[in-house]
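J.: Before I ask anything, let me first share the structure, which is written out below as structure tokens.
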Amino acid sequence: MRKRLLVSKLIAFAFVTGLLSIPLRAQEINVLYEETFDDPSHYPDSTIKALPNGWVAMGETPFSVQSYKIYDKMADTGEFFIVSGYPQMSNRQDVAFSPLFEMKAGTDYRIRVKYMMPGLSPRTSEMKITVGTGQDYDSHLSYMYNDRDKAIDKWTLAEVIYTPSQDGQYCVGLWNCSTLSSAGDVYYDTFSIEEIVPEPEPVWEASLPYEESFDDTTHYTADAVLPNGWVSNSDNAFQTVKGDDYGYVPNSGENLLLANPSYSAGRNDVTFTPMLEMEAGVTYQVSFYLNLIALTRTPSFKFTVGTGQDIGAQTTILKAYENTTTSGWEKVEINFTPTETAQYCFAFWACSALSMDGFMLIDDFVIESDEIAEPGWAPSIPYLETFDDRTHYDGVSYLPVGWLATGDEPFITAAMRSKPAISGAYYMVASPSVFGERRDIAYTPMLEMEGGVEYTVSFYLYLPGGDNLPHSGLRQAVNRPTICKTNCSP
């Protein structure tokens with residue numbers, strides 16, 4: 001079996017906000033707003049009372065900021081929270097509207113808030129969360145979350161994802177909507193809105209071994225007429241077309257590369273393949289299918305190689321057809337052995353001397369080799385992973401090469417602006433889980449170790465805590481990065 005050439009290639013990286021590059025498929029969270037109700041600078045006159053700046057309360061028993069010292073209920077964070085309390089009316093429509101925020105259509109926003117509603121026996125309270133375009137009842141038609149028919153005497157996380165259909169200003173409504181009177185209070189604390197920056201789609205890049213049938217849509221960006229990396233020197237050079245549209249049957253699939261006839265003499269309409277790193281002394285097998293069809297006159301065509309995507313750099317002619325046609329599809333096979341290691345590209349020329357020369361068709365272009373290059377990076381001891389080295393990623397997985405993540409909310413590589421890394425910009429993180437008894441595990445790569453040899457393993461750990469304390473061998477919140485170190489002997 002022919003061995004294909006293995007060539008190391010750069011990992012595709014995404015660019016977020018034009019400032020940071022992150023490994024493919026990593027996520028970034030942009031926090032729009034956080035409110036714990038404990039920061040005096042968020043209130044008029046820097047005095048904690050009523051509601052923070054931008055908030056609006058409506059209802060017969062409106063929400064207000066209160067201290068746990070008065071209500072005998074511990075806040076989720078700090079001292080203060082908001083509550084809709086006595087008197088207890090039936091069919092309550094008490095709501096606290098958050099400030100209005102600019103949101104973008106089609107973008108996911110994560111809304112989080114902690115709530116508690118202990119109820120008054122034998123009745124229970126009811127809460128709900130809505131999103132609307134104004135700080136009034138009529139604007140809040142998007143119902144997002146509801147809880148009722150049970151007493152909740154500890155802080156509970158409500159988390160929803162909202163995706164606006166139109167650009168505009170939106171706010172969140174936090175409701176006490178108990179149907180019965182004397183149902184009890186509803187408390188809210190630790191409110192936040194985050195924009196989930198969408199994962200950028202990976203951009204396909206040419207690499208060796210290379211195959212192009214002109215039928216794979218992932219090889220094209222938007223409505224481009226050539227695959228990624230291909231360029232032409234004129235509008236009348238080769239471009240991807242659907243065979244049926246021109247009455248030609250491709251060698252394979254539905255599409256082919258076609259150059260239209262020229263109505264001018266002395267044409268040099270050239271299309272260049274992507275630039276690819278090739279090694280000196282390595283023989284590359286290059287092949288494609290060619291179909292030359294005459295119009296008033298017969299066409300001329302040539303195939304070249306050079307060190308740049310311009311006519312001047314295409315110094316070597318590999319195949320030439322002068323004033324001739326082919327009898328249908330003809331396979332062209334060429335060997336190319338560079339004398340120097342460099343980047344090279346090939347070029348298809350429509351180069352008829354006379355006008356009205358006919359159609360030129362290309363399909364199924366391939367570059368391969370029997371020789372094997374050295375493989376890329378692989379984990380080994382001593383091992384250091386900062387989650388910032390892009391050569392450690394394969395462009396597909398959420399974690400570096402060799403790592404494995406399992407579970408319902410698995411670990412991924414990510415970066416949040418509100419949580420700086422110990423080094424670089426990125427780290428491994430597992431999102432909060434709504435499931436009990438979670439078991440989300442990240443396994444390091446398999447590494448060769450010797451018996452009787454002591455190995456030191458260390459990493460930095462950050463467990464800020466949520467509704468319940470996190471557990472990773474520690475049942476406590478760790479509110480700043482802490483180094484964990486251990487020794488092991490296989």
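The values are calculated or read from the model by the stated rules, or taken from the named source; none is laboratory data. This is a predicted model, so every value here is computed, not measured. Here Cβ is always computed from backbone atoms with ideal geometry, including for glycine, and neighbour counts include all displayed protein chains. Keep in mind that these areas ignore ligands, DNA and RNA; they rest on the heavy atoms of the full protein, side chains included. Shrake-Rupley method; radii C 1.70, N 1.55, O 1.52, S 1.80 Å.
J.: From the phi angles alone, apply the Karplus equation (6.51, -1.76, 1.60; θ = phi - 60°) to segment 152-162 and give each ³J(HN,Hα) in whole Hz, x where the residue is Gly or Pro.
T.: 10, 10, 9, 5, 10, 7, 9, 9, 9, 10, 10
J.: So how strong a dipole does the chain carry about its Cα centre when Lys and Arg Cβ are +1 and Asp and Glu Cβ are -1, to the nearest 20 debye?
T.: On the way: 32 positive and 64 negative charges, 163 e Å.
Roughly 780 debye for the chain.
J.: Just round it to a whole percent: the fraction of Cα-Cα distances in segment 249-349 exceeding 15 Å.
T.: Working: 3341 of 5050 pairs.
When every Cα pair of segment 249-349 is considered, 66 percent fall beyond 15 Å.
J.: Please give the per residue accessible area of segment 417-466, computed with a probe of 1.4 Å over protein heavy atoms only, in Å². Write out the running numbers ahead of the final one.
T.: On the way: 3710 Å² over 50 residues.
The answer is 74 Å² per residue.
J.: Eight or more residues apart or on different chains, and alpha-carbon atoms under 21 Å: count the Lys pairs in segment 88-156 matching that. List each step's numbers first, then the result.
T.: Numbers: 114/128; 114/150; 114/154; 128/150; 128/154.
So the count of such lysine pairs works out to 5.
J.: Compute, for segment 345-412, the length of the dipole vector about the Cα centre, with Cβ point charges of +1 (Lys, Arg) and -1 (Asp, Glu) only. Units Debye, rounded to 20.
T.: On the way: 1 positive and 13 negative charges, 37 e Å.
The dipole of segment 345-412 has a size of about 180 debye.
J.: Would you give the gap between the C-alpha center of segment 349-425 and the C-alpha center of segment 183-211, rounded to a whole Å?
T.: 21
J.: Counting only heavy atoms of the protein chains, get the accessible area per residue of segment 219-361 (1.4 Å probe) and round it to a whole Å² value.
T.: Details: 6460 Å² over 143 residues.
Per residue, segment 219-361 has 45 Å² of solvent-accessible surface.
J.: Positive end of the charge dipole of the chain (Lys, Arg +1 and Asp, Glu -1 on Cβ, about the Cα centre): tell me which of 229, 107, 459 has its Cα farthest that way.
T.: Checked the options; the winner is 459.
J.: Got a number for the accessible area of residue 351? Probe 1.4 Å, square angstrom, nearest 10.
T.: Result for residue 351: roughly 30 Å² accessible.
J.: Return the distance in nm (one decimal) between the two label points of a simple spin-label model at residue 50 and residue 216, each offset 7 Å from Cα along Cα→Cβ.
T.: My value for the distance between the label points is 6.2 nm.
J.: Over the chain, what percent of the accessible surface lies on carbon and sulfur atoms, probe 1.4 Å?
T.: 50
J.: Counting pairwise Cα distances across the chain, what percent come out greater than 43 angstrom? Please list the in-between numbers first.
T.: Numbers: 51721 of 119805 pairs.
Of all Cα-Cα pairs in the chain, 43 percent lie more than 43 Å apart.
J.: Would you pull out the residues with amide H under 5 Å of residue 351's amide H, same chain only if 5 or more places away, H placed 1.01 Å from N?
T.: Counting only residues 5 or more places away or on other chains, the set is 300, 301, 302.
J.: Taking 0.36 nm per residue of separation and subtracting the Cα-Cα distance, what length does fully extending residue 335 through residue 67 add? Walk me through the numbers on the way to the answer.
T.: Numbers: separation 268, 0.36 × 268 = 96.48 nm, distance 8.03 nm.
Extra length available between residue 335 and residue 67 comes to 88.4 nm.
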